[in-house]
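Notes for the one structure printed next.
The values are calculated or read from the model by the stated rules, or taken from the named source; none is laboratory data. Keep in mind that what you see is a predicted model, and the values were worked out from it rather than measured. Virtual Cβ from ideal backbone geometry, glycine too; neighbours counted across all protein chains shown. We work out accessible area using only protein heavy atoms, side chains counted, and drop any ligands, DNA or RNA first. Shrake-Rupley method; radii C 1.70, N 1.55, O 1.52, S 1.80 Å.
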Amino acid sequence: VQLQASGGGLVQTGGSLRLACAASGRTFRSSVMGWFRQAPGKEREFVAGIRRSGGSTNYADSVKGRFTISRDNAKNTMYLQMNSLKPEDTAVYYCAASSAVVGVPMGWNDYNYWGQGTLVTVSS
(Lines give C-alpha, C1' and ligand atoms only; values in the text may rest on other atoms or scores of the structure.)
Protein backbone atom coordinates (compact mmCIF):
# COMPACT_ATOMS: atom_id res chain seq x y z
CA VAL A 1 0.00 0.00 0.00
CA GLN A 2 1.88 3.05 -1.23
CA LEU A 3 1.24 6.60 -2.35
CA GLN A 4 3.90 8.47 -4.28
CA ALA A 5 3.50 12.22 -4.76
CA SER A 6 5.44 14.14 -7.40
CA GLY A 7 5.41 17.35 -9.39
CA GLY A 8 6.46 19.89 -6.80
CA GLY A 9 8.98 22.60 -7.50
CA LEU A 10 9.74 26.30 -7.55
CA VAL A 11 7.38 28.62 -9.40
CA GLN A 12 6.75 32.34 -9.50
CA THR A 13 3.58 34.00 -8.25
CA GLY A 14 0.82 33.49 -10.77
CA GLY A 15 2.38 30.37 -12.19
CA SER A 16 1.08 26.82 -12.38
CA LEU A 17 2.10 23.36 -11.27
CA ARG A 18 0.54 19.94 -11.62
CA LEU A 19 1.00 17.47 -8.82
CA ALA A 20 0.50 13.74 -9.31
CA CYS A 21 -0.07 10.94 -6.82
CA ALA A 22 0.58 7.40 -8.00
CA ALA A 23 -1.08 4.76 -5.86
CA SER A 24 -0.96 1.01 -5.49
CA GLY A 25 -4.09 -0.76 -6.65
CA ARG A 26 -5.38 -1.53 -3.20
CA THR A 27 -4.94 2.06 -2.06
CA PHE A 28 -6.49 3.55 -5.14
CA ARG A 29 -9.61 1.53 -4.65
CA SER A 30 -10.14 3.62 -1.54
CA SER A 31 -13.31 5.63 -1.68
CA VAL A 32 -11.68 9.03 -1.42
CA MET A 33 -8.32 10.48 -2.41
CA GLY A 34 -7.17 13.83 -1.14
CA TRP A 35 -4.44 16.44 -1.01
CA PHE A 36 -3.24 18.12 2.14
CA ARG A 37 -0.47 20.63 2.68
CA GLN A 38 1.69 21.76 5.54
CA ALA A 39 3.62 25.00 5.62
CA PRO A 40 6.51 25.57 8.05
CA GLY A 41 5.22 26.19 11.54
CA LYS A 42 1.62 25.47 10.57
CA GLU A 43 -0.74 22.55 10.93
CA ARG A 44 -1.49 20.20 8.07
CA GLU A 45 -4.55 21.45 6.20
CA PHE A 46 -6.96 20.00 3.70
CA VAL A 47 -6.59 21.23 0.13
CA ALA A 48 -8.88 19.10 -2.03
CA GLY A 49 -10.46 15.68 -2.22
CA ILE A 50 -12.27 13.50 -4.72
CA ARG A 51 -14.41 10.39 -4.50
CA ARG A 52 -13.57 7.27 -6.51
CA SER A 53 -16.22 8.03 -9.14
CA GLY A 54 -14.82 11.50 -9.62
CA GLY A 55 -18.33 12.86 -9.38
CA SER A 56 -17.87 14.47 -5.99
CA THR A 57 -15.09 16.85 -5.02
CA ASN A 58 -14.34 19.18 -2.15
CA TYR A 59 -11.96 22.13 -1.91
CA ALA A 60 -10.62 24.37 0.79
CA ASP A 61 -11.95 27.90 0.42
CA SER A 62 -8.42 29.20 -0.06
CA VAL A 63 -7.92 27.24 -3.29
CA LYS A 64 -11.40 27.26 -4.84
CA GLY A 65 -11.31 28.54 -8.40
CA ARG A 66 -7.53 28.09 -8.64
CA PHE A 67 -6.93 24.38 -8.00
CA THR A 68 -8.57 21.41 -9.71
CA ILE A 69 -8.43 17.84 -8.46
CA SER A 70 -8.94 14.86 -10.74
CA ARG A 71 -8.20 11.15 -10.84
CA ASP A 72 -7.54 8.56 -13.52
CA ASN A 73 -8.65 5.24 -12.11
CA ALA A 74 -7.19 3.34 -15.08
CA LYS A 75 -3.75 4.75 -14.22
CA ASN A 76 -4.19 4.64 -10.45
CA THR A 77 -3.20 8.29 -10.36
CA MET A 78 -4.66 11.43 -8.83
CA TYR A 79 -3.76 14.94 -9.94
CA LEU A 80 -3.88 18.45 -8.54
CA GLN A 81 -3.71 21.22 -11.12
CA MET A 82 -2.66 24.39 -9.34
CA ASN A 83 -3.07 27.70 -11.17
CA SER A 84 -2.61 31.32 -10.10
CA LEU A 85 -0.25 30.23 -7.37
CA LYS A 86 0.44 32.55 -4.47
CA PRO A 87 3.31 32.68 -1.97
CA GLU A 88 0.90 31.44 0.70
CA ASP A 89 0.51 28.21 -1.27
CA THR A 90 4.10 27.35 -0.38
CA ALA A 91 4.06 24.07 1.55
CA VAL A 92 4.79 20.39 1.43
CA TYR A 93 1.87 18.75 -0.34
CA TYR A 94 0.76 15.26 0.69
CA CYS A 95 -1.61 12.88 -1.00
CA ALA A 96 -3.78 10.60 1.09
CA ALA A 97 -6.45 7.95 0.82
CA SER A 98 -9.62 7.52 2.85
CA SER A 99 -12.20 4.77 3.21
CA ALA A 100 -14.95 7.27 4.00
CA VAL A 101 -18.26 6.04 2.65
CA VAL A 102 -20.01 9.39 2.46
CA GLY A 103 -18.80 12.68 1.06
CA VAL A 104 -15.25 13.96 0.90
CA PRO A 105 -13.87 14.45 4.41
CA MET A 106 -11.61 17.38 5.21
CA GLY A 107 -10.04 16.11 8.42
CA TRP A 108 -6.59 14.55 8.21
CA ASN A 109 -7.60 11.83 10.68
CA ASP A 110 -10.22 10.59 8.21
CA TYR A 111 -7.45 9.49 5.87
CA ASN A 112 -5.81 6.08 6.35
CA TYR A 113 -2.84 6.16 3.99
CA TRP A 114 -0.33 8.92 3.26
CA GLY A 115 2.34 9.64 0.69
CA GLN A 116 5.74 11.16 1.45
CA GLY A 117 5.01 14.71 0.29
CA THR A 118 6.31 16.98 -2.43
CA LEU A 119 7.52 20.55 -1.85
CA VAL A 120 5.87 23.45 -3.63
CA THR A 121 7.59 26.83 -3.35
CA VAL A 122 5.98 29.95 -4.78
CA SER A 123 8.27 32.95 -5.00
CA SER A 124 6.97 36.51 -4.82
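Rounded to the nearest 0.05, the FRET efficiency derived from the C-beta distance between residue 13 and residue 116 at R0 = 22 Å is 0.25. Spin-label model, residue 102 to residue 24: label points 7 Å out along the Cα-to-beta-carbon direction sit 3.1 nm apart. Placing a pseudo-label 7 Å from each Cα along the Cα-to-Cβ vector at residue 39 and residue 6 gives an inter-label distance of 2.8 nm.
As an exercise, identify the trypsin sites (Lys or Arg not before Pro) in the range 1-90 lying in DSSP coil whose Cβ has no more than 11 other Cβ atoms within 10 Å.
Working: sites: 18, 26, 29, 37, 42, 44, 51, 52, 64, 66, 71, 75; in loops: 29, 42, 44, 52, 64, 66, 75.
Answer by residue number: 42, 64.
DSSP bridge analysis restricted to the chain gives an antiparallel fraction near 90%, rounded to the nearest 5.
Using the alpha-carbon positions of the chain, Rg (one decimal) and Dmax (whole number) come out as 13.2, 40 Å. Amide H contacts under 5 Å for residue 9: 120, 121, restricted to partners 5 or more places along the chain or on a different chain, H placed in the peptide plane at 1.01 Å from N.
Heavy-atom accessible area per residue, the chain, 1.4 Å probe: how many Å²? Mind showing how you got there, number by number?
On the way: 6230 Å² over 124 residues.
Per-residue value: 50 Å².
Cross-link partners for residue 86 among the lysines, with Cα-Cα distance under 23 Å and sequence neighbours closer than 8 places in the same chain left out: 42, 64.
Protein heavy-atom surface of the chain, 1.4 angstrom probe: 47% of the accessible area is carbon and sulfur, with nucleic acids and ligands not counted.
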